[in-house]
Amino acid sequence: MEARALLTALSTAERLKDAVRHCYTKNGRRESVAEHSWMMTLMAYFIKDEFPEADMDKVIRMCIIHDLGEAFTGDIPTFDKTAEDEKNEKVLLHMWINTLPENCRCEMTALFDEMSKRETLEAKIYKAIDSLEALIQHNISDLSTWTKMEKEFNLTYADDKTAFSEYFIKLREEIRNDTLGKLYCCKETET
């Protein structure tokens, strides 16, 4: 990518460092969209040996770019996001993608199409990681930052996104166990 095009693209993507999510870090600071994407990418790297048949470099690319639309809309939690919100984010994202050099434009368009269809193993892995990372971050954060709805959400969300893989089914169950431990531990200390 030509130097000026790179700097322009990075200037837009940098917005994700300031776009906060609904979740908090362990120390009580709101998590950024960029931090969520980084943790997802690290997860993909750590689990690459669990999926030798998958193109994990592609999964990592999916994790890196998946929330770029939020540079234009900000983060809307999955449990609040409407179809209209998704449409608006997609339109704004693709307007930006169309300004990128052809090789990036073509690759990103293909990746976003593959991610939205969720038919390939790589797209399924990316979506499982996306869903599970949010639950993991909730478990890491202080329970006082959770809403009542999030307590139920952390117990039930993502089962459908992990059902394709024994590895992800087991990981989802471990995350659920951590959630139950967190909820039970805090109930014990409240009494």
Close pairs from the stretch 167-191: first over 17 Å from K151 (Cβ atoms) and modelled with pLDDT of 95 or more, partner part of a helix (DSSP H, G or I) and of a type in the set (S, T, Y), Cβ under 8 Å, at least 6 apart: F168/T162; I169/T162; L171/T162
Any chance A5 is touching a Pro at 6+ places or on another chain (Cβ under 7 Å) and over 17 Å from K127 (Cβ atoms): yes
The stretch 152-166, subset assigned to a helix (DSSP H, G or I) and surrounded by fewer than 15 Cβ atoms within 10 Å (Cβ to Cβ), residue modelled with the lowest pLDDT: E152
Residues located in the stretch 52-68, provided they are more than 19 Å from A158 (Cα to Cα) and either modelled with pLDDT under 95 or of a type outside the set (G, A, S) (or both): P52, E53, D55, M56, D57, K58, I60, R61, I64, I65, L68
Residue ranges of helices (runs of 4 or more DSSP H) in the stretch 1-118 with at least 1 members at negative phi and surrounded by fewer than 16 Cβ atoms within 10 Å (Cβ to Cβ): 3-13, 33-46, 56-65, 83-97, 102-117
Some residue of the stretch 124-138 being of a type outside the set (D, E), at pLDDT 95 or above and surrounded by fewer than 18 Cβ atoms within 10 Å (Cβ to Cβ): no
Pairs, first free of Cβ contacts under 8 Å to residues at least 60 places away in the same chain in the stretch 58-73, second part of a loop (DSSP other than H, G, I, E, B) and among the small types (G, A, S), C-beta under 6 Å, six or more apart: E70/A19
Counted residues, the stretch 1-25 - those being modelled with pLDDT of 95 or more and charged (D, E, K, R): 4
Condition check for E31: within 23 Å of L93 (Cβ to Cβ), of a type in the set (D, E) and touching a residue at least 60 places away in the same chain (Cβ under 8 Å): yes
Filter result (farther than 23 Å from S165 by Cβ, part of a helix (DSSP H, G or I) and not aliphatic (A, V, I, L, M)) within the stretch 119-151: S144, T145, K148, E150, K151
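The values are calculated or read from the model by the stated rules, or taken from the named source; none is laboratory data. Note that the structure is a prediction, hence the values are computed from the model and not measured. No Cβ is skipped: glycine too gets one built from the backbone with ideal geometry, and neighbour counts run over all protein chains shown.
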